[in-house]
Amino acid sequence: MGKDIPWKSDAVSSGRAHFVSGRPIMPPFPEGMETLVVGMGCFWGAEQRFWETPGVWATAVGYSGGSSPAPDYHEVCTGATGHAEVVLVVFDPGEITLEATLGVFWDNHDPTQGMRQGNDIGTQYRSCIFVVDETQRTAAVATREAMEPLLVAAGFGPITTQVSGREPFHYAEEYHQQYLAKNPAGYCGLGVTGITCPVGALD
């Protein structure tokens, strides 16, 4: 998956190996790997959740879902481009299923907050899943439908997560890549709901 997606690398001048694993964060990826692009608010903490997940081969942060052909961090933060801060997740489906990968997404942020995550407010912090094909779309919708009634029952609102087709993934600047590994005391704005997506029931 992901072979035909426009990968935009203008902002990454160096450091194209993952700071934690040393693996490439840019394609081509090894045969059999699949990719998922998600937004969960500030991408620093979101990326860490995924690189710590067994079966995830590599991660990178970037921008997707906006209008500018070459966004940078400061431009995205103005909200003018409409991009979201996102994480590229490269995973081995032989070790972790697509549904379980989506479970990491649902379990590690509040997908009911619209254009924000906690104190981080703006379009760049929206919850989103950019799918590469109908298999991913079906899984994204199924996991959303499994998660939403649990959130509503717990007193949260309906899910506001955007599920749409994959758009160009623009790699964020080098200093953002694996930020919390480079800056262990750095800011992480992720907030969890305490609700676990029942991905096992979907297998």
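Just so you know, all these numbers are worked out from the coordinates, no wet-lab data involved. Small disclaimer: the values here were computed from a predicted structure and weren't measured. Using ideal geometry, Cβ is built from the backbone for each residue, glycine included, and neighbour counts are taken over all protein chains shown.
Here are a few things to note about the model shown:
- Dipole in debye (nearest 20) - region 35-180, about Cα centre, beta carbon charges: Lys, Arg +1; Asp, Glu -1: 320 debye
- Compactness of region 35-180 - radius of gyration and Dmax, Cα, Å: 14.2, 41
- Distance between the 7 Å Cα→Cβ label points at Ala80 and Ile121: 2.1 nm.
- Each peptide in 170-177, 89-96 gets a packing score, the mean of other Cβ atoms within 10 Å over its residues, and the list from highest to lowest is 170-177, 89-96.
- Normalised contact order of the chain, rounded percent, pairs of Cα under 8 Å and 6 or more residues apart: 32 percent
- Counted residue by residue at 0.36 nm each, then reduced by the alpha carbon distance between them, the extension gain from Arg137 to Val163 reaches 8.6 nm.
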